[in-house]
Amino acid sequence: MKVPFIDLKRFEDGFIDRWESKVRELSINTSFIGGQEVAVLEEKLSEYLDISHVVTCSNGTDAIQIALRAVGVENDDLVLIPDVTFWATFEAVINVGAKPITIDVDKSSGGVDIETFFKAAKEFKPKAAILAHLYGWATPYLNDIRKFCIENSIYLIEDGAQCFGTNYFGESIYKNAQIATTSFYPAKVLGAAGDGGAIFTNNYELSEIARKLTNHGRDEHYGHGYVGWNSRLDALQAAYLNISLDYIDSRIESRRSTCSIYENYLKDKNIHHIKPNQDFEENGYTNLCIIEDHKLKSKIEQGFKELGIGYGNIYPGAMSDQNGATNKIHAFCGIGNSKVFCKSVFNLPVFPYMKNEEIEFTINSLDKLVP
Ligand SMILES: *Cc1c(COP(=O)(O)O)cnc(C)c1O
């Protein structure tokens, strides 16, 4: 049996028919940019996530850039970012002309180390900070960091590309952010049929600036108040997302169920399994194991390869270690935990509608490989 790390082809009955007839309808009407589908999507997301303002855009990286610019980050401003995240978080800061300061990881949660974060904020007085909520949850200190940032006039942008559907203290995690972003890359929890992204905020002024920035800084059709981007979500992507939203609860439920089976199994195992603290209800985006015994990690990975079981290493290298970070990074704060963490990270396969046999096969195989 082969078990992919991720399989996006397990569509619900009727999904492809609905998508096909939508493509036909939008094509016949040449509704390609903006229009009803995009407006409906923003409304649905606002309701589903309980956030006042939703601004869709072309992808999750643009969403971070737009959020940074919306809060006023520009040339040479300092921005704290986690040292463990997807490269887009780093890129976004550079692409708006600002300077990233990376913050070491807290090895117990995969989030930023809070003491290092506070220390760096006091030392560097950054204009903004970004947190990346990886794996389907976030740092257990999220509320402390939110509060600290407000008290210290630091704009906090929450890169929520991996936490669509995650709840924090029983509410959508995006709800109490100053400004949060997400990605609709197909492999994310809510994925499009291509690229897409969104910015979430309850602040009307920020949402208005963000909206203009996604559309050439337009105040009116040929009046431009800002230098922005062409970062509009197209109608076909919005339509695909609108259909997908009808199934999102069952997809998330299926992911959560797989994650909890892994969790139960890994409790008794000789592998350090990281799970969110109790304030979170995870979305089941991925599973996270830390295997600091690198010989054992290689043995498992080799064994999985031979058996045809997919696995992930999210992420195998810290931001401060990327070749592209040379000369771009303003400072690295911490003691290098991020390097150890990234070398030890291992993820079991998780995706919606994984079959029981696939989960069992994965677990049984792991059982044979781990002493
Ligand atoms: C996917 C991802 C992004 C980038 O999203 P794109 O839509 O691919 O641009 C940014 N940050 C994190 C944490 C991500 O996982």
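Bear in mind these aren't lab numbers, they're just calculated from the coordinates by the rules spelled out. Just so you know, these numbers come straight off a predicted model, no measurement behind them. Neighbour counts are summed over all protein chains in view; Cβ atoms, including those assigned to glycine, are modelled from backbone coordinates with ideal geometry.
If you check Asn337 against the conditions, is it surrounded by fewer than 20 Cβ atoms within 10 Å (Cβ to Cβ), free of Cβ contacts under 8 Å to residues at least 24 places away in the same chain, over 19 Å from Tyr285 (Cβ atoms) and not β-branched (Val, Ile, Thr)?
no
What are the pairs with Cβ atoms under 8 angstrom where one residue, in the range 76-95, is under 20 Å from Asn337 (Cβ atoms) and the other, located anywhere, is acidic (Asp, Glu) and more than 8 Å from the ligand (Cβ to nearest atom)? Sequence gap at least six, or different chains.
Asp83/Asp104
From the list Thr61, Thr30, Thr85, Thr89, which residue is under 22 Å from Arg218 (Cβ atoms) and surrounded by 24 or more Cβ atoms within 10 Å (Cβ to Cβ)?
Within the list Thr61, Thr30, Thr85, Thr89, the selection yields Thr61.
Can you tell me which residue within the range 187-237, out of those that are among the aliphatic types (A, V, I, L, M) and more than 30 Å from Ser254 (Cα to Cα), is surrounded by the most Cβ atoms within 10 Å (Cβ to Cβ)?
Looking at the filtered set, the residue picked out is Ala210.
Only one of these is in contact (Cβ under 8 Å) with a residue 60 or more places away in the chain and either in contact with a His (Cβ under 8 Å, 6 or more places away or on another chain) or more than 30 Å from Ile248 (Cα to Cα) (or both): His330, His294. Name it.
His330
Counting residues that are out of contact with any Ser or Thr (no Cβ under 8 Å at 6 or more places or on another chain), farther than 19 Å from Leu206 by Cβ and more than 16 Å from the ligand (Cβ to nearest atom), which helices (runs of 4 or more DSSP H) fully inside the range 87-177 reach at least 1?
Passing ranges, in order: 114-124, 142-151.
Take the residues in the range 211-239 that are over 19 Å from the mean Cα position of the chain (by Cα) and in a helix (DSSP H, G or I), then tell me which one is farthest from the ligand (Cβ to nearest atom).
Ranking the qualifying residues of the range 211-239, first place goes to Lys212.
Restricting the search to the range 293-323, which residues are closer than 16 Å to Lys339 by Cβ, under 26 Å from the mean Cα position of the chain (by Cα) and not in a loop (DSSP other than H, G, I, E, B)?
Scanning the range 293-323 gives Lys297, Met319, Ser320, Asp321, Asn323.
Can you find a residue in the range 165-173 that is surrounded by fewer than 22 Cβ atoms within 10 Å (Cβ to Cβ) and among the hydrophobic types (A, V, I, L, M, F, W, C)?
Yes, the range 165-173 contains at least one residue that is surrounded by fewer than 22 Cβ atoms within 10 Å (Cβ to Cβ) and among the hydrophobic types (A, V, I, L, M, F, W, C).
Could you check, for the range 280-292, whether at least one of its residues is surrounded by 20 or more Cβ atoms within 10 Å (Cβ to Cβ), on the phi < 0 side of the Ramachandran plot, assigned to a loop (DSSP other than H, G, I, E, B) and aliphatic (A, V, I, L, M)?
Yes, the range 280-292 has at least one match.
Looking at the range 39-69, which of the residues that are more than 16 Å from the ligand (Cβ to nearest atom), out of contact with any strand residue (DSSP E or B) (no Cβ under 6 Å at 6 or more places or on another chain) and assigned to a helix (DSSP H, G or I) is nearest to Cys163 (Cα to Cα)?
Out of the qualifying residues, it is Tyr48.
What is the one condition in (1) surrounded by 15 or more Cβ atoms within 10 Å (Cβ to Cβ); (2) in contact with a Lys or Arg (Cβ under 8 Å, 6 or more places away or on another chain) that Leu266 does not satisfy?
So Leu266 meets the others, but not (2).
From the list Asn75, Asn59, Asn143, pick out the single residue that is polar (S, T, N, Q) and under 28 Å from Leu236 (Cβ atoms).
Sole residue among the options that is polar (S, T, N, Q) and under 28 Å from Leu236 (Cβ atoms): Asn59.
Of everything in the range 174-186, what is surrounded by fewer than 22 Cβ atoms within 10 Å (Cβ to Cβ) and not polar (S, T, N, Q)? Give them in sequence order.
Passing the criteria: Lys175, Tyr185, Pro186.
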